[in-house]
Structures are given as C-alpha cells and as structure tokens.
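Read the figures in this text as sums done on the coordinates, not as results from a lab. On a predicted model such as this, the values are computed, not experimentally measured, just so you know. Counting neighbours? That spans all protein chains shown, and the Cβs are built from the backbone with ideal geometry, glycine included.
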Amino acid sequence: MSAAECRTYTAGDLAGRFGLELRGDAGTSVRGVATIAEATPDRLTFLSNSKYRGQLATTRAGIVVLGAADADAAPGTALVARDPYSAYARIAALFESQPEAPAGAHPSAVVDASATVDPSAHIGPHVSIGTRSVIGAGAYVGPGCVIGEDCLVGAGARLVARVTLVTRVRLGERVLVHPGAVLGADGFGIAMEHGAWLKVPQLGGVVVGDDCEIGANTTIDRGAIDDTVLEEDVRLDNQIQIGHNVRIGAHTAIAGCVAVAGSARIGRYCLIGGAAGIVGHIEICDKVVITAMSLVTHSIREPGEYSSGTPLMDNRSWRRNAARFRQLDRLFRARRD
Amino acid sequence: MSAAECRTYTAGDLAGRFGLELRGDAGTSVRGVATIAEATPDRLTFLSNSKYRGQLATTRAGIVVLGAADADAAPGTALVARDPYSAYARIAALFESQPEAPAGAHPSAVVDASATVDPSAHIGPHVSIGTRSVIGAGAYVGPGCVIGEDCLVGAGARLVARVTLVTRVRLGERVLVHPGAVLGADGFGIAMEHGAWLKVPQLGGVVVGDDCEIGANTTIDRGAIDDTVLEEDVRLDNQIQIGHNVRIGAHTAIAGCVAVAGSARIGRYCLIGGAAGIVGHIEICDKVVITAMSLVTHSIREPGEYSSGTPLMDNRSWRRNAARFRQLDRLFRARRD
Amino acid sequence: MSAAECRTYTAGDLAGRFGLELRGDAGTSVRGVATIAEATPDRLTFLSNSKYRGQLATTRAGIVVLGAADADAAPGTALVARDPYSAYARIAALFESQPEAPAGAHPSAVVDASATVDPSAHIGPHVSIGTRSVIGAGAYVGPGCVIGEDCLVGAGARLVARVTLVTRVRLGERVLVHPGAVLGADGFGIAMEHGAWLKVPQLGGVVVGDDCEIGANTTIDRGAIDDTVLEEDVRLDNQIQIGHNVRIGAHTAIAGCVAVAGSARIGRYCLIGGAAGIVGHIEICDKVVITAMSLVTHSIREPGEYSSGTPLMDNRSWRRNAARFRQLDRLFRARRD
C-alpha cells in the first residue's frame, strides 16, 4: 500500500548489512516482515524465544532471523544472530515508512518572529511556535503541535502530531514524542492560605536527554524552580504522569499509565511496570524493577524486583479473604497473648 | 437554548414511535428530559430501578417511562416499557443536539491530494488528512483532528474534536471517538542492545469494528507487526490505554483509566471496571467481569467476576494490618511447625 | 532569557509589598528565585520546613524567606513570614512570565458568527469557537483550543493550549486549564439491549467554579441529564478522570491520575492522593484524605485519612505473602474450630 512496501531485500543483502550469518539461499528476497504464523514467502520473520521453536516447522516465511541454538530448526533461509530480536528490529526498520516531510513550514503554521527554525526542519500544518523557541536541524514537528516559549527541539527530534511543549522545554537530539503528550505544563504546586488555595508559581523547565521516547498522552510537568529531567535514552510509554522536579536516570523504561509524583528520583536502567505508582520525594537506585500496579512508598536502595498488591481471585473468594485483611493485626496480637 | 430544546413530543407520539404502552393523557407534551427530582411538567423522566419508586410520588414530570411493575405508582402520564432504561435512551436521543455539520471541508482544513473524502463528509476547521487516507460517507471529522497516512474513517463515523489517527488506523461504520483520543501511535517495543535501547519498529495498524465508542484521551497503539483489533460494539471510556496487538471481543465495555498491556486478548461481553490493569500476553474468556482497580496477572478461562486488592480502612487501622501482610507467610509456616 | 528575568526587587520592596518583617539590608536586590542549594546572591529562596534549616548555613541566596523560629539561622538578608511557603508563592509570582497575549483573535482562529468574544479576550492561533459560546473579559484561549457549542469561558480564565470544551461547559472566573484537558465529552452511559450496547444520550453540561485549576490531559465528562459540577477553588492535577454527574466540593485538591466514577460526590477540603480510585454513586464527606492508589468503594461519613493496599516488598517475599492472602479466610475459620 505505502511506498515502504515496495522495498525488497535479499538474504544476502541483509546478512552483509547487519553482520549476520547466512544459512540457505542468499538470493531469497523479502519485501516486509510478518509474524511466524502469518508470514508468506515474501516476508521475513524472527524467533527470539526458543520456547516457540516448534512454530518454525510450519512457517512459510522466506527468511527467519534466529539464534544459533535454533538455526537447525529453520525450514528455509535463515539469518543467525547473537540477539535475534535486536537483529529483527534493525531489519524491520528498513520497511518502516514515514510520512513525507519536506523541509520548511506549512503555510498554515504560525511561527513567532523571534523563533529560530532550522531550514532543514519540517513544520506541519496548524503548528504554532512561540517566542524565542528553537527548532533544530532535521527536526519534524507534525500537524497540530504547539511549541510555547523558550523551548528547544533538538536536531532530528520528531514530534509526531498534536504534541504540546508549554514553556522552557528542551528536547535533546533524536527525541521522539507521540501525539497528545504535554511537556512543560505547570507542576501541581498549591499552598493553603486562609482557607483557600494559593497557586505556587512553577518557574522551572523540562530537560529531555538525547534519544528519549515519550508516549501518547504522557505528561511531564515543568519544575517548580529547577528543571524536571529525563537523562538520555529514557523510554516512556503512553499516559504516564511525571510530576515536577522528577529526575529519571538514563536507559530507564517505564510502561503505560505509571504515575510518578513530584521530586521523585529514579535511577538508571530501571524498569517500571504498567500502572505502577511512585510517591514524591523518594529515591530509587539503579537497576530496580517494579512490577505492574505496585505502589512505591519509600526509597529503594538495593537493585532488584519489588512488588505490592494481592493476587486476582474469583470475587466470592476475594471478598472472604479481603474481609480478613481487616482483622490481621488482631489475629497477630491474639497469638502473642 | 439550543435548537434541540425547541422540539416537542406528545406521549402519544412517543408511545407509537417506540412501541410503548401509554397510560394517561396521550396529549401530554414534553420538550426535554430530566431527573425524577428535577423534572418539570414539560419534561420526561424515567424509573429503571424499583428501589427508587418512592420518588414517583413527588415528581413533577409530565411523562414517566417505567416498567409494568411500577406503573401503578406513576402520578400522571406514563409510558410502560419492558426495559425502561433502553426506552429512555431512545427517547432522550430525540432531544440530543449535534453541532451543525455541513458537508465538505472547512477552508482551514489541509487535505492531502492523495486522500479521498466522501462529498457528504464534514471536515472541520484545522483538520489535517494525510496521504492515501479515506473518509467515508456522512462521516464527521471535528475541529483539530489529525488523520495520518493510510487511515480509513468509516461511513457515519464521528470524530468529535482533536482526535488523532496516526497511521494505518481503520475505523468501522458509526464509530464514535471523543476528543484527545490517539489511535495508531507506536506500540512500546524496545530491545536492549549494548547497554542502550533499540526501538523495535511498529508496523501494524489498528482496526476498530462498527459501532465502537472510544473515550476522551484514550490511546490505542498500532500493532508491532499484525494489527491491534477491537471487534464491533466495543465501548471504551476515557483515558484507557490499549497496548499493541491487543484484541478485544465484540460488545465488551471497559471503564475509565484501564491499562491493557500488549498482546492481551479480551473476550466478548466482558465488563472491565475502572482503573483495572491487564498484563500482557494473557487471555480473558467471554463474559468476564473485573472489578475496579483489580490487576489481572494470568489468563482467565471461566466466565465470572474477579477481583484483587484490599478494603479501604481508616489509615491507622490500615497501617497496622498492612504491616502484618509482610508477616503472613511466616505466620502460616509457624502454624505448620 | 525572558522578559520576566529582567525584573529586580529589593528586600525593602518585598517586605512592604507583602507585609513581611525585614532583617538585614533593605537594599539587597534579587531578580529571580532559586532553591536553597542552587541560589546565587541575586536570587531569593525560602525555608518552609525547619527540618532543612541546616542548609541555611551554606546558601548563597541574597534573600531568604522563612519563619520567625528559623530567622536566627539566616546568613544574610531575611524576610520573616508567618507562612513562608505562601509568602514565597506570592513573591515568586512576580517573576512568572506569561506569553504575550494581545487582545483579539488570531487570523487563523475560526469563531462562529453566533459566538460572543469579549474584545479584551485573547484568542490564539488555530482556535475554533462554536455556536452560542461566550468568551469573557480578559480570558486567554491559547493555541489549538477547541470550544464547542453553548460554552462559557469566564472572565480572566486561561486555557493554556489545546484544551477542548465540548458542549455546555461553563468555566467560572480565573479558571486555569492546562493543555490536553477535555471537558464536556460524553459520559460513559450505555444500556444492553438485545445483545448489543445502546448509547444513552449525554445531555447535561459541566460547571466549573471560580478559581479552579484543571491539569494537563485531565478529562471531565458532561452529565447525563444534570451537570457535572466542580465548586470553586477545586484543584485537579494531570490525567484525572471525572465521570458524569460527579460533584466536587470547594477547595478540594486531587493529585494526578485519580479516577472518579460517575455520580460520586466528594466533599469540601478533601485531599485525594495520586492514582486513587473512587467508585460511582458514593459520597465522601468534607475533610477526607485518601492516600495514594487507594480505592474508595463505599461512602465515607467521617473526616480523616483512609487507605487501602499492601506494602511494597522485594518480589520474592511479596510472592510468598501474597499467596497466603488467598488462604486467609481458611486460616481464620480454622482458628474458630
């Protein structure tokens, strides 16, 4: 359908390009990727988990990318990789199509006279760019994006569509931001005074390191005074909330719907499961794994995996057991007596 | 205030139109709906739960829609229905007003030359439509929507405002999508390679069946290779996250803020409570009910109601009992000794 | 960098303006705020928690705002306040910069002929305003906002960017709404009829009282028949979901990612922690505190703090203890025998 679908690569091409070991016919050609189950002879597929090795017997794929241990089981042409999933990712990128993005600004875009847009950048329809903001070389600012004041979009960064950078947001190079994300909105700072809330001005910015990815409808608030910071290569899924003055270490990945409260610090190489919560003003060290929907209420100083919650049960059993939770302390005390 | 408010219907009209049994004066006319408590004589109200039957005594409503069992208690004109809530829904739709939507594209809309827009479709202000996308007959694309590449908006579909369809999103007929929803953004696919994340290209699409409804700020990611699929008549509330390659069966309804991780499969006629979580790569059979904020961590093979979590308590009691949760295993082991 | 950065205030100015007690040199001048740790001599900082008093010894800040009890420890010029955090908030507002907002509508804005826009209001680029809507004096409607039909934006209200008011949304004076928020989308009303869902028309509106703040990507649905209501000075953080016909009392503050289901009523001066859930059709009285990620499943009639959930543990310990949760009822029953 799209232009990308017309590209064709042979097994020989791919082996050479990505340094993979070829087994079978170097001339086998593919024009796309597919799952093991759905692949046709003009598609490449992959096997990254030996558990599913049995599926190789029936796949119709033209080429299979897999590890050395599974190579015997490949029915036809194979590309052997040390890490088949990474090798697949690199190959699949060849078939990825991006919308055309001519350099320059669409006539409907509104760019403030004080903003600086690199001539090689693409500014899509209905975009607005505010005072003193800077758009770097080769950046892509898709339809409907709003860039406020004093923002920086790094070279090669890509704002897919309808992204908002409010104020003082600086994105590194090659940062990818998906639609609906809002970076640099006010943090939630309020003080009670004489029975009413007084807004505490939010004056900091947001700094996002090189190669970060920010999911759809994710929000990252500006700092109250200092900045909210994502170090390089942080990967955020959709609908994540990052409060003001949070700092997230390099190479940390966070799954969808996680809530991180203000001033929390998360280390490097952490993996935070979906819908987990992290309260404010705590510190999580490097290489911590939090399982889905757990709530982190205190600092974590040792790498490892952490969890909270109770197991899923049929509702009737759950009601009985949950009611007993209320009586736990009494039970323990009774035992002591 | 709006045009819809000027429409007037008599009890006789409504009985005939919807096949309801009339009791009382066929000439009683109403020009809107209201709650039992707030209704005035020119409004229609309904009673769907006999528990609230006592409120009939004091309602001032001109017409009450109710079940046969409660019909005696109606103070004035009544319409008797087998299912009063459905009958009310059908009647209330008469009073619903929609913004005017002339056929054709607003002059500020940006439609790619390769896109196909049915002449009867409405394309609102500040909309952009990308390459090869197709907008069906009678579709409504509200202000600020972004339709990317290779998308299809089915006949009679309605994108209220500021909806984004990124790439390869196909909406069935009469699909209703609320503002801020993002369909077809990249799934969260990353692979660790030499200490940094490598993005795994997301090449699939999103397929949404006929008569689905997608809530405000809900996100549905495109599949990694195959599509993410909602079968027909799936109803999603606001701020739901649907990961890549999820499949949701027909007539399933999901309440707000639910997170569904990648490759999960949910059956038909399921009801998922608000803020629940469903981990990836599991299967939930038909007719499963998940209560609010439960986490589904394994496949469910039997219809029924499922839950996790602990009951709400005053904080002091909760602290005492929650602390004991840490000691549960030790307690059980001690009993065995 | 921005204009605000050029403003300079002396300690004497600030003491007079905000009624604070000056200690030290009235001529000390500052041109911004900073944290205690990062402040330079041209910045003002504050100490609101005596616990951090030790940091005063090393701060380089030109002026410190603090309480009387800590005033001795200030190394240089100090402003003594009864509530240092509120005093800081009022001073910091002097340094807050807002984007320039000339009165009138940007040429790219699309304003329906039946709408009424006060001449002093600012309507940004790519805004659309629907039939019969009214924009009050001094209101700011930022880039990409969509105002639907029969809406009211109160005097001095501020819609930062890409805010959607769908239908019948009435915002009070000085209401602040952050990007991506959606107010007035349909509530989640569906009825099962003959094996398929029937949509129940959502005909009510949303009423937001004076001085409310609504966070980024937060959603507030319109009522089914009556309105969804936020009383004055309600403060909502990001990514909160408020279902149809919810009522939230004045001065209540809700942290990010909270889900409030339909027809729940929340009292005045409540504090709802992040990612908490509140089921539908219940009532929470005034001055209730809910801790993070708790689920409120029943009405609360006494002020106080409430919680649910289990503590975070290392995954191995958690697995052992969580497994025992399934056996709790059996354990209690065994003890009775």
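Quick rundown of the values:
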{"quantity": "At most 13 other Cβ within 10 Å, DSSP loop - chymotrypsin sites (Phe, Trp or Tyr not before Pro), segment C:292-337", "calculated": "none"}
{"quantity": "Segment C:241-284 versus segment A:168-182: alpha-carbon centroid distance in Å", "calculated": "31"}
{"quantity": "Nearest-first distances (nm) between copies at C:PRO311, label 7 Å from Cα via Cβ", "calculated": "2.2, 2.2"}
{"quantity": "Kirkwood Rh (inverse of mean 1/r, distinct Cα pairs), the protein assembly as shown, angstrom", "calculated": "29.9"}
{"quantity": "Highest average packing first - B:35-48, C:143-156, Cβ atoms within 10 Å", "calculated": "C:143-156, B:35-48"}
{"quantity": "Spatially close lysines, pair count over the protein assembly as shown: Cα under 28 Å, gap of eight or more or interchain", "calculated": "9"}
{"quantity": "Global form of chain C, assessed from the alpha-carbon gyration tensor, a/c cut-off 1.5", "calculated": "oblate"}
{"quantity": "In segment C:259-337, trypsin sites (Lys or Arg not before Pro) in a DSSP loop with at most 12 other beta-carbon atoms within 10 Å", "calculated": "C:ARG301"}
{"quantity": "Span from the segment B:77-154 Cα centroid across to the segment C:20-73 one, whole angstrom", "calculated": "57"}
{"quantity": "C:SER50-A:GLU193 FRET efficiency (beta carbon distance; Förster radius 25 Å; 0.05 resolution)", "calculated": "0.85"}
{"quantity": "Modelled FRET efficiency - R0 56 Å, C:ALA137 with A:ALA93, Cβ distances, 0.05 increments", "calculated": "0.60"}
{"quantity": "Protection-proxy order for peptides C:214-222, A:87-95, C:12-20, each taking the mean of Cβ atoms within 10 Å per residue, highest first", "calculated": "C:214-222, A:87-95, C:12-20"}
{"quantity": "Position A:ALA57, label points 7 Å along Cα→Cβ, spacing to each other copy in nm (shortest first, one decimal)", "calculated": "7.4, 7.4"}
{"quantity": "Within chain C, helix-based [θ] at 222 nm, where runs of 4 or more DSSP H residues each add -39,500 (n - 2.57), nearest 500", "calculated": "-3000 deg cm²/dmol"}
{"quantity": "Contact order normalised by residue count of segment C:187-337, Cα under 8 Å, 6+ apart, percent", "calculated": "13"}
{"quantity": "For B:GLY19, inter-copy label distances in nm, listed shortest first [label point 7 Å out on the Cα-Cβ vector]", "calculated": "7.1, 7.1"}
{"quantity": "Total formal charge among the other residues, if their Cβ is under 14 angstrom from that of C:HIS298, Lys/Arg +1 and Asp/Glu -1", "calculated": "+1"}
{"quantity": "Residue among C:GLN202, C:GLN98, C:GLN239 with the largest mean-square fluctuation in a Gaussian network model of chain C, springs linking Cα atoms under 10 Å", "calculated": "C:GLN98"}
{"quantity": "Prolate/oblate/rounded call for segment B:98-185, Cα gyration tensor, a/c under 1.5 rounded", "calculated": "rounded"}
{"quantity": "Mean separation of Cα contacts under 8 Å (6+ apart) over length of chain A, as relative contact order %", "calculated": "7"}
{"quantity": "Global form of segment B:163-306, assessed from the alpha-carbon gyration tensor, a/c cut-off 1.5", "calculated": "oblate"}
{"quantity": "For segment A:3-95, the spread of Cα positions along each principal axis, largest first, Å", "calculated": "35, 26, 22"}
{"quantity": "Amide proton proximity set for C:TYR140, modelled H, under 5 Å, gap of 5+", "calculated": "C:HIS122, C:ALA157, C:ARG158, C:LEU159"}
{"quantity": "Rounded to 5, the percent of DSSP beta bridges in chain C classed as antiparallel", "calculated": "10"}
{"quantity": "For a label point 7 Å along the Cα-to-beta-carbon line of A:ARG320, residues of segment C:304-337 with backbone N under 11 Å", "calculated": "C:327-334"}
{"quantity": "Which of A:THR252, B:THR10 has the fewest Cβ neighbours within 10 Å, and the rest in rising order", "calculated": "B:THR10, A:THR252"}
{"quantity": "Placed amide H near B:GLY148: partners under 5 Å, 5+ positions off or other chain", "calculated": "B:GLY130, B:LEU165, B:VAL166"}
{"quantity": "Sites A:ALA68 and A:THR8, calculated FRET efficiency, Cβ-Cβ separation with R0 30 Å, nearest 0.05", "calculated": "0.65"}
{"quantity": "Segment A:163-306 - charge dipole about Cα centre, Lys and Arg +1 at Cβ, Asp and Glu -1, debye rounded to 20", "calculated": "220"}
{"quantity": "Hull volume in cubic angstrom per residue (convex hull over the Cα atoms of segment C:233-337)", "calculated": "125"}
